[in-house]
1. Can you list residues from other chains, or at least 5 along the same chain, whose modelled amide H is less than 5 Å from the amide H of Phe109?
2. Determine ³J(HN,Hα), in whole Hz, for all residues of segment 97-103 in sequence, where each value follows from phi through the Karplus function 6.51 cos²θ - 1.76 cosθ + 1.60 and θ = phi - 60°; x replaces Gly and Pro.
3. Provide the FRET efficiency to the nearest 0.05 for the Phe33-Leu57 pair, computing r from the beta carbons and using R0 = 41 Å.
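Bear in mind that the values in this text are calculations on the coordinates, not laboratory data. No experiment lies behind these values; they were computed from the predicted model shown. Cβ sites come from the backbone with ideal geometry, for glycine too, and all protein chains shown count toward neighbours.
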Amino acid sequence: MKEPFPCQPQNNEVDDVNKKEMLERFSYLEKRFQDLQEDFGTLKKDLVQLVEENHQLAHENHHLRQRLDNLTPEEKKQEIKTNDDQKGDGQSSVGEGYDNLARIYEEGFHICHVYFGTPREEEDCIFCLKFFG
Ligand SMILES: [Zn+2]
């Protein structure tokens, strides 16, 4: 730190101190501003990620709701069917895969191992029906 010259007016010494203080303060604020900018950048990244996740979840939720809407009528039919002939056979196959196959069958395709995946027209297939047995 420079010693103030005695010949200079005292005013200058005060100015020097003020300048140094101002510079230090400016540096401090600049540092804080940079930190804030970094924080802001991180927050913005997190926000973007959240928005993307939210979008994906909404999309997935939409699809799951659609699938649920599609499955519900078949589940009701399935309930009636299992009530009609209560054989213990169907118990092990209850699940998502089973529901999917039931839906595929209702949409008009074979699910039996004989004609699997081919259109079954309007008629019921005895091999497919065995699956529901
Ligand atoms: Zn079939």
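1. Under 5 Å from the amide H of Phe109 lie the amide H atoms of Arg120, each far enough along the sequence or on another chain.
2. Result, ordered by residue: x, 4, 4, 4, 5, 4, 5 Hz.
3. Calculated transfer efficiency: 0.70.
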